[in-house]
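Asker: Provided herewith is a single structure, encoded as structure tokens, for subsequent inquiry.
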Amino acid sequence: AQSVTQPDIHITVSEGASLELRCNYSYGATPYLFWYVQSPGQGLQLLLKYFSGDTLVQGIKGFEAEFKRSQSSFNLRKPSVHWSDAAEYFCAVGGTSYGKLTFGQGTILTVHP
Amino acid sequence: DAGITQSPRHKVTETGTPVTLRCHQTENHRYMYWYRQDPGHGLRLIHYSYGVKDTDKGEVSDGYSVSRSKTEDFLLTLESATSSQTSVYFCAISEGAGQQFFGPGTRLTVL
């Protein structure tokens, strides 16, 4: 069975600091990996995705993520956080089976001025 | 933004009453999904559809049923709502093994 673990429930950073959100997955085949962001009261917006190829993927809003097969990880990074990045972030894994996704529990990001 | 709407956006109901949530898409995507979102659990798949009249269960399907009579509409029904079904419900669509696009969500409160 596929699963996703986001070890950090809540992270607080100062504006301008770097950010790394962790994601570990379990999947029996080559995974498709996603990071979504959710602002309060909103739906989910895709930040970036990995299907194959270059293991470092670039997304919107200056985010990037690196796929490390040996560590079963897909961590999200941003070199300098802005106050508007405060939100909840979800990592998800899926494959070719009807496009179904399994989500992690989410990480809430708080940004201090 | 993908053309996905959910109705109603907010609903308060009483235990034991039936509730139907509607998801409508204008993208003609084949796959549709219903999730519930609860604190500490992320999003969990309730049911999904891979075509008109083709549906299957997700990981938290007990107490829920779905129907899809047209490509654009996917209905989620709580036959007899319970307080444990108080949640935010999201609909999503996709063309298969790729990105899912999410609707704005429905906040359901069961008293």
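Laboratory data are not the source of any read-out in this text; all were calculated from the coordinates shown. Here the structure is a predicted model, which means the values were calculated and not measured. Using ideal geometry, Cβ is built from the backbone for each residue, glycine included, and neighbour counts are taken over all protein chains shown.
Asker: With point charges of +1 on the Cβ of Lys and Arg and -1 on the Cβ of Asp and Glu, referenced to the Cα centre of region A:1-91, which listed residue (A:Val13, A:Asn75, A:Gly43) lies farthest in the positive direction of the dipole?
Answerer: Checking the options against the dipole of region A:1-91, the answer is A:Asn75.
Asker: Now a separate question. So for region A:1-96, averaging the separation of alpha carbon pairs under 8 Å that are six or more residues apart and normalising by length, what relative contact order in percent results?
Answerer: Working: 197 pairs, mean separation 35.8, N = 96.
Once normalised by length, the contact order is 37 percent.
Asker: For the pair A:Ser26 and B:Glu14, how long in nm is the line joining their label points, each one 7 Å along Cα→Cβ?
Answerer: With each label point 7 Å from Cα toward Cβ, the separation is 4.4 nm.
Asker: Still on this structure: To check my understanding: the extent here is largest minus smallest coordinate of the Cα atoms along each principal axis. What are those three numbers for chain A, in Å, largest first?
Answerer: Result, largest extent first: 42, 29, 22 Å.
Asker: Could you derive backbone 3J(HN,Hα) for region A:43-48 from the dihedral phi with the Karplus parameters 6.51, -1.76 and 1.60 (θ = phi - 60°), listing whole Hz in sequence and x where the residue is Gly or Pro?
Answerer: For region A:43-48, the Karplus-derived couplings read x, 9, 10, 6, 8, 6 Hz, x marking Gly and Pro.
Asker: Loop-only check: which chymotrypsin sites (Phe, Trp or Tyr not before Pro) in region A:34-113 are DSSP coil with at most 16 other Cβ within 10 angstrom? Spell out each step's value before the answer.
Answerer: Working: sites: A:Phe34, A:Trp35, A:Tyr36, A:Tyr50, A:Phe51, A:Phe63, A:Phe67, A:Phe74, A:Trp83, A:Tyr89, A:Phe90, A:Tyr98, A:Phe103; in loops: A:Phe51, A:Phe63, A:Tyr98.
Here the chymotrypsin sites (Phe, Trp or Tyr not before Pro) that fit, given the DSSP loop and packing criteria, are A:Phe51.
Asker: When Lys and Arg each count +1 and Asp and Glu each count -1, what net charge do the other residues less than 15 Å away from B:Arg107, Cβ to Cβ, add up to? Mind showing how you got there, number by number?
Answerer: On the way: positive: B:Arg9, B:Lys11, B:Arg22, B:Arg36; negative: B:Asp38.
Within the 15 Å Cβ shell, the charges total +3.
Asker: Using the Cα centre of the protein assembly as shown as the reference point, and only Cβ charges (+1 on K/R, -1 on D/E), how large is the resulting charge dipole? Debye, rounded to the nearest 20.
Answerer: Values: 19 positive and 20 negative charges, 39 e Å.
Computed about the Cα centre, the dipole is about 180 debye.
Asker: Express in whole angstrom the spacing between the alpha-carbon centres of region A:1-73 and region B:68-88.
Answerer: 29 Å
Asker: Using C-alpha positions alone, give me the convex hull volume of region B:34-110 per residue in cubic angstrom.
Answerer: Details: hull volume 7.5 nm³, N = 77.
About 98 Å³ per residue, rounded to a whole number.
Asker: In whole Hz and in residue order, list the ³J(HN,Hα) couplings for region B:22-35 that follow from phi through the Karplus curve 6.51 cos²θ - 1.76 cosθ + 1.60, θ = phi - 60°; x for Gly and Pro.
Answerer: Computed from phi, the couplings for region B:22-35 are 10, 10, 10, 10, 10, 9, 6, 6, 6, 9, 9, 9, 10, 10 Hz.
Asker: Once you charge only the Cβ atoms, +1 for Lys and Arg and -1 for Asp and Glu, what is the size of the charge dipole of region A:16-113 about its Cα centre, to the nearest 20 debye?
Answerer: Values: 8 positive and 6 negative charges, 34 e Å.
About 160 debye.
Asker: To the nearest 0.05, what FRET efficiency results for A:Ser18 and B:Ser7 with a Förster distance of 35 Å applied to their C-beta separation?
Answerer: Working: r = 41 Å, r/R0 = 1.18.
Calculated value: 0.25.
Asker: Region B:3-45: which trypsin sites (Lys or Arg not before Pro) are DSSP loop and have at most 13 other beta-carbon atoms within 10 angstrom?
Answerer: Working: sites: B:Arg9, B:Lys11, B:Arg22, B:Arg30, B:Arg36, B:Arg44; in loops: B:Arg9, B:Arg30.
Loop-located and lightly packed - B:Arg9.
Asker: With the crude spin-label approximation of a point 7 Å out along Cα→Cβ, what separation in nm comes out for B:Thr26 versus A:Ser3?
Answerer: The modelled label-to-label distance comes out at 4.2 nm.
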